[in-house]
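A short write-up of the structure that comes next.
The values are calculated or read from the model by the stated rules, or taken from the named source; none is laboratory data. Here the structure is a predicted model, which is why all the values come from computation and not from measurement. Here the Cβ positions follow ideal geometry from the backbone for every residue, glycine too, while neighbour counts run over all protein chains shown.
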Amino acid sequence: MDISELIEQARQAQKRAHAPYSRYPVGAAVLTESGKIFLGCNVESGAFSTTICAERAAIFAAIAAGESQFRALAIISNDGGMPCGSCRQVIHEQCGELPIYIVGANSQLHKEFSTSQLLPYPFDLKES
Ligand code: THU
(Lines give C-alpha, C1' and ligand atoms only; values in the text may rest on other atoms or scores of the structure.)
Protein backbone atom coordinates (compact mmCIF):
# COMPACT_ATOMS: atom_id res chain seq x y z
CA MET A 1 0.00 0.00 0.00
CA ASP A 2 1.19 3.42 -0.99
CA ILE A 3 1.88 5.90 1.82
CA SER A 4 0.36 8.63 -0.32
CA GLU A 5 -2.95 6.74 -0.37
CA LEU A 6 -2.95 6.59 3.45
CA ILE A 7 -2.16 10.31 3.61
CA GLU A 8 -4.89 11.17 1.11
CA GLN A 9 -7.42 9.23 3.20
CA ALA A 10 -6.29 11.07 6.34
CA ARG A 11 -6.74 14.35 4.49
CA GLN A 12 -10.33 13.42 3.63
CA ALA A 13 -10.96 12.62 7.30
CA GLN A 14 -9.44 15.97 8.33
CA LYS A 15 -12.10 17.70 6.22
CA ARG A 16 -14.75 16.05 8.41
CA ALA A 17 -13.22 17.21 11.70
CA HIS A 18 -15.57 18.97 14.09
CA ALA A 19 -13.29 21.58 15.66
CA PRO A 20 -15.35 24.72 16.28
CA TYR A 21 -13.49 25.59 19.52
CA SER A 22 -9.83 25.06 18.63
CA ARG A 23 -10.20 25.53 14.87
CA TYR A 24 -7.49 22.88 14.64
CA PRO A 25 -8.80 20.10 12.39
CA VAL A 26 -6.96 16.78 12.50
CA GLY A 27 -7.40 13.68 10.37
CA ALA A 28 -5.96 10.22 10.87
CA ALA A 29 -5.84 7.03 8.83
CA VAL A 30 -4.67 3.70 10.21
CA LEU A 31 -3.77 0.78 7.97
CA THR A 32 -4.47 -2.69 9.35
CA GLU A 33 -2.70 -5.99 8.61
CA SER A 34 -5.74 -7.04 6.57
CA GLY A 35 -5.12 -4.07 4.27
CA LYS A 36 -8.10 -2.02 5.39
CA ILE A 37 -7.90 1.67 6.23
CA PHE A 38 -9.87 3.18 9.11
CA LEU A 39 -10.34 6.91 9.47
CA GLY A 40 -10.74 9.29 12.37
CA CYS A 41 -11.07 13.01 12.88
CA ASN A 42 -11.15 15.09 16.01
CA VAL A 43 -14.64 15.71 17.32
CA GLU A 44 -14.75 18.51 19.87
CA SER A 45 -17.26 18.86 22.65
CA GLY A 46 -18.55 21.90 24.49
CA ALA A 47 -17.53 20.00 27.63
CA PHE A 48 -13.94 20.17 26.41
CA SER A 49 -12.54 17.08 28.11
CA THR A 50 -14.95 14.84 26.20
CA THR A 51 -13.32 15.78 22.89
CA ILE A 52 -11.80 12.84 21.01
CA CYS A 53 -8.58 13.12 19.01
CA ALA A 54 -8.38 11.98 15.39
CA GLU A 55 -5.85 9.18 15.88
CA ARG A 56 -7.72 7.63 18.78
CA ALA A 57 -10.99 7.83 16.81
CA ALA A 58 -9.35 5.96 13.90
CA ILE A 59 -7.80 3.28 16.11
CA PHE A 60 -11.00 2.77 18.08
CA ALA A 61 -13.02 2.47 14.82
CA ALA A 62 -10.61 -0.23 13.63
CA ILE A 63 -10.89 -2.11 16.92
CA ALA A 64 -14.69 -1.89 16.82
CA ALA A 65 -14.54 -3.48 13.36
CA GLY A 66 -12.56 -6.40 14.77
CA GLU A 67 -9.07 -5.35 13.72
CA SER A 68 -6.16 -5.80 16.09
CA GLN A 69 -3.03 -5.78 13.92
CA PHE A 70 -1.81 -2.45 12.60
CA ARG A 71 0.73 -1.59 9.93
CA ALA A 72 0.92 2.20 9.62
CA LEU A 73 -0.69 5.40 10.87
CA ALA A 74 -0.92 8.79 9.15
CA ILE A 75 -1.87 11.93 11.08
CA ILE A 76 -2.58 15.19 9.29
CA SER A 77 -3.10 18.70 10.57
CA ASN A 78 -2.52 22.09 8.99
CA ASP A 79 0.82 22.56 10.75
CA GLY A 80 2.04 18.95 10.92
CA GLY A 81 1.41 18.78 14.67
CA MET A 82 2.55 15.86 16.79
CA PRO A 83 0.17 13.44 18.55
CA CYS A 84 -0.74 14.25 22.14
CA GLY A 85 0.37 12.12 25.09
CA SER A 86 -2.95 10.31 25.42
CA CYS A 87 -2.83 9.26 21.76
CA ARG A 88 0.78 8.10 22.11
CA GLN A 89 -0.26 5.82 24.95
CA VAL A 90 -3.14 4.36 22.93
CA ILE A 91 -0.92 3.91 19.85
CA HIS A 92 1.60 2.06 22.02
CA GLU A 93 -1.03 -0.19 23.61
CA GLN A 94 -3.16 -0.95 20.57
CA CYS A 95 -0.84 -0.67 17.58
CA GLY A 96 2.57 -1.59 18.98
CA GLU A 97 5.61 -0.66 16.93
CA LEU A 98 4.65 0.83 13.56
CA PRO A 99 5.53 3.79 11.32
CA ILE A 100 3.68 7.02 12.12
CA TYR A 101 3.56 9.59 9.33
CA ILE A 102 3.13 13.19 10.45
CA VAL A 103 1.68 15.29 7.67
CA GLY A 104 1.04 19.00 7.23
CA ALA A 105 -0.91 21.21 4.86
CA ASN A 106 -0.85 20.27 1.17
CA SER A 107 -0.42 16.66 2.30
CA GLN A 108 3.37 16.92 2.45
CA LEU A 109 5.10 14.45 4.72
CA HIS A 110 6.74 16.27 7.63
CA LYS A 111 8.33 13.43 9.52
CA GLU A 112 8.19 9.72 10.16
CA PHE A 113 8.50 8.26 13.67
CA SER A 114 8.19 4.85 15.25
CA THR A 115 5.90 4.27 18.23
CA SER A 116 8.83 3.87 20.62
CA GLN A 117 10.40 7.10 19.40
CA LEU A 118 7.21 8.94 20.32
CA LEU A 119 6.73 7.14 23.62
CA PRO A 120 9.95 5.79 25.10
CA TYR A 121 9.63 4.04 28.48
CA PRO A 122 5.86 3.55 28.13
CA PHE A 123 3.44 2.66 30.86
CA ASP A 124 2.11 -0.90 30.67
CA LEU A 125 -0.45 -2.18 33.12
CA LYS A 126 0.66 -5.53 34.43
CA GLU A 127 -2.25 -7.92 34.71
CA SER A 128 -2.32 -9.97 37.90
N1 THU B 1 -5.98 16.76 18.57
C2 THU B 1 -5.98 15.59 17.86
O3 THU B 1 -6.95 15.28 17.15
N4 THU B 1 -4.90 14.77 17.97
C5 THU B 1 -3.82 15.02 18.76
O6 THU B 1 -2.98 14.16 18.95
C7 THU B 1 -3.65 16.36 19.33
C8 THU B 1 -4.88 17.16 19.44
C9 THU B 1 -7.15 17.63 18.50
C10 THU B 1 -7.91 17.73 19.79
C11 THU B 1 -8.56 19.09 19.65
O12 THU B 1 -9.79 18.93 18.97
C13 THU B 1 -7.61 19.88 18.78
O14 THU B 1 -6.74 18.93 18.17
C15 THU B 1 -6.78 20.91 19.54
O16 THU B 1 -6.18 20.35 20.63
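Descriptive notes on the structure:
- Extreme residue, farthest from the ligand (Cβ to nearest atom), among residues of the range 37-62 that are more than 12 Å from the chain's Cα centre (by Cα) and surrounded by 15 or more Cβ atoms within 10 Å (Cβ to Cβ): V43
- Matching helices (runs of 4 or more DSSP H) fully within the range 38-128 where at least 2 residues are in contact with a strand residue (DSSP E or B) (Cβ under 8 Å, 6 or more places away or on another chain), in contact (Cβ under 8 Å) with a residue 40 or more places away in the chain and of a type outside the set (D, E): 54-64
- Condition met for I102 (modelled with pLDDT of 95 or more and within 11 Å of the ligand (Cβ to nearest atom)): yes
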